[in-house]
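Q: This is the structure I want to talk about, given as structure tokens.
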């Protein structure tokens with residue numbers, strides 16, 4: 001096979017802007033963001049998103 005066949009996959013949709021995550025950004029504890037609630041509404045770029053904690057303790061972000 002040629003090297004062209006081993007190309008890296010295209011960038012993820014969230015990185016299409018060319019920006020990269022800040023490697024120096026400190027993590028924020030989810031409890032600090034949620035403030036004891038199981039659901040949080042987040043306004044971003046004219047849209048409202050819902051950050052929800054599932055019964056299994058996982059986070060889900062939906063539009």
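The values are calculated or read from the model by the stated rules, or taken from the named source; none is laboratory data. Everything quoted here is computed from the prediction, not taken from an experiment. Glycine gets a Cβ as well: all are built from the backbone with ideal geometry, and neighbour counts include every protein chain shown.
Q: Could you give every pair whose Cβ atoms fall below 7 Å, whose first residue belongs to the range 21-42 and is on the phi < 0 side of the Ramachandran plot and part of a loop (DSSP other than H, G, I, E, B), and whose second residue is surrounded by 10 or more Cβ atoms within 10 Å (Cβ to Cβ) and modelled with pLDDT of 95 or more, counting only separations of at least 6 or pairs across chains?
A: 38/52; 38/53
Q: Within the range 49-63, work out how many residues are part of a strand (DSSP E or B) and touching a residue at least 12 places away in the same chain (Cβ under 8 Å).
A: The total comes to 8.
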